[in-house]
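Derivation of every value follows stated rules applied to the coordinates shown; laboratory data play no part. Keep in mind it's a predicted model, so treat the numbers as computed, not measured. With ideal geometry, Cβ positions are generated from the backbone for all residues, glycine too; neighbour counts draw on all protein chains shown.
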Amino acid sequence: MKTEIISIGTELLLGEIVDTNSAYLASQLPLLGLDLHFISTVGDNQQRLINILQQAWQRSDIIFTTGGLGPTQDDITREAIAEFLDEEISTDPQLVKEFERLFKRFKMEMPKSNLKQAGIIPSAQIIANPRGTAPGWWIERDNHTIITMPGPPNEMQLMWTKVIMPRLQQKLGRAIIVSKTLKVFGLSEAKVDELVSSFLASSNPTVGTYAKPDGIHLRITAKSCTTNDAQTLITEKEKDIRAILGDNIWGTDADSLEATVGTLLTSKGLTLASMESSTGGLLANCITNIPGSSKYFKGGIIAYTGKTNTSYGIDEQLISKHGLVSTEVTEAMASAVRHHLHADIGIALTAITGPAEIEGKPIGTICIGIDNGQHTSSFTRNYPGNRPQVKQRAVISALFELRRVLL
């Protein structure tokens, strides 16, 4: 079935917010075996939205809309759909009662404008909004389906997972679709694509590559009559992919590098300490995002200047000779923090985050040092980007290399 997404809101066209709703829905539709053919963005203009709906009606079976369901005058999704389908909007008394209960619970007076959100047309069914006052519509008419969802991503995503996706699964039949994501780091998107190119043309299971902050994701999606059969297809394809990408696959699905590292440290009974400059404590923050990390993480030192480094025992001549952003200095930092915080492993991180080169080295230069008490190792990487991107990639690189050392 052909599907289409229409994102509604002038703020999208002005670049004031990014359309994450379309990206989210685009990632969800393949799980239902649905082909997405078009994504459109239209401002808060009723006639333009009607024009887009007319186009979508001619070329797509299922039309998803996000946004324009609020209580203000510029929220025109309901009115546009009603005019397009030539149906009258009436007020649903049950929805009005629900709104009144909701506002009473929060001890607020309900503005009269919220009554607009209780509007309904004859061919629509209400889709409950578990997180807000803007309900969606489910419309089926003339072999077409229109599904409207609110604009706020947290409201839209919860409505999708709780109501819309299960109902679509029921509507589309008994086929089971299962998906698994393999997470890859240390290889470029082009290299991953080249290595797994023979799998990308596969129809069942399908394989797709996606660039993400924590590396390249490979999503394997299989469709079958039973979950077991779909899972078997995925397992066979995963085995083939792992044979090619090997240790560059560091996790799957909801895995995070910080959790993976934490699990390895716990299983080996080891403790960790960090020392970082340039990233301003982002590495330590990432490590401590994991509940229970106090069992293995002794603490972190933010040494943002060369003078701070020397106060922890880093040889000033070493910094002068090689530069603060160097493998020699990060190895010394890793050893120093391991000693000062009495940890089994020390990890250190320096980077050039911009806006200018430092020590004759380009923006995006990242140096990582690790001392496990028996030997030290260091790594240099380069990831171009703006300051926040370089900092984030530096932390991910450090965690990836730590994982490899632990393994």
**OP:** Give the calculated FRET efficiency between Arg167 and Gln46 to the nearest 0.05, with a Förster radius of 22 Å applied to their Cβ-Cβ distance.
**Re:** 0.20
Original post:
Just one of (i) 1.11; (ii) 0.98; (iii) 1.07 is Rg/Rh (Cα atoms, Kirkwood Rh) as worked out from the coordinates here. Which one is it?
Top reply: (iii)
Subject >> Net charge of neighbours whose Cβ lies under 14 Å from the Cβ of Asp344, counting Lys and Arg as +1 and Asp and Glu as -1 >> reply: +3
Original post:
Assigning unit charges at the beta carbon (Lys, Arg +1; Asp, Glu -1) and nothing else, what dipole magnitude in debye, to the nearest 20, does the chain show about its Cα centre?
Top reply: 960
Subject >> Subset of Lys239/Lys295; Lys298/Lys361; Lys183/Lys361; Lys183/Lys223; Lys191/Lys223; Lys298/Lys391 violating a 25 Å alpha-carbon distance limit >> reply: Lys239/Lys295; Lys298/Lys361; Lys183/Lys361; Lys191/Lys223
Original post:
Ranked by Cβ crowding within 10 angstrom, fewest neighbours first, how are Trp250, Trp138 ordered?
Top reply: Trp138, Trp250
**OP:** Kindly rank 34-45, 178-189, 362-373, 232-243 from highest to lowest mean number of other beta carbons found within 10 Å of each residue.
**Re:** 362-373, 178-189, 34-45, 232-243
Subject >> the stretch 1-107: relative contact order in percent, alpha carbon pairs under 8 Å with at least 6 residues between >> reply: 32
**OP:** Quote the charge dipole size of the stretch 257-406 about the Cα centre in Debye, to the nearest 20; the model charges only the Cβ of Lys and Arg (+1) and of Asp and Glu (-1).
**Re:** 360
**OP:** Let me have the relative contact order for the chain, percent, based on Cα pairs under 8 Å that are six or more residues apart.
**Re:** 10
Original post:
Which ³J(HN,Hα) values, rounded to whole Hz and listed in residue order, are derived for the stretch 133-138 from phi using the Karplus coefficients 6.51, -1.76 and 1.60 in 6.51 cos²θ - 1.76 cosθ + 1.60 with θ = phi - 60°, glycine and proline given as x?
Top reply: 9, 9, x, x, 10, 10
Original post:
Which of Glu140, Glu316, Glu276 comes first, and how do the rest follow, when ranked by fewest Cβ neighbours within 10 Å?
Top reply: Glu316, Glu140, Glu276
Subject >> Lys pairs, the stretch 2-172 - Cα-Cα below 20 angstrom, 8 or more residues apart or on other chains >> reply: 7
Original post:
To the nearest 0.05, how large is the calculated FRET efficiency for Glu359 and Asp74 if R₀ is 35 Å and r is the Cβ-Cβ distance?
Top reply: 0.10
**OP:** Give the long-range amide H neighbours of Thr65: residues separated by 5 or more places, or on another chain, with amide H under 5 Å away, using H modelled in the peptide plane at 1.01 Å from N.
**Re:** Ile6, Ile147, Thr148, Met149
Original post:
GNM on the chain, C-alpha springs below 10 Å: top fluctuator among Lys391, Lys223, Lys268?
Top reply: Lys268
**OP:** Check every DSSP H run in the chain and write down those whose alpha carbon atoms cover 27 angstrom or more along the long axis and whose mean Kyte-Doolittle hydropathy is -0.5 or greater.
**Re:** 387-406
**OP:** Give me Ser256, Ser60, Ser203 ranked fewest to most by other Cβ atoms within 10 Å of their Cβ, as a rough exposure proxy.
**Re:** Ser203, Ser256, Ser60
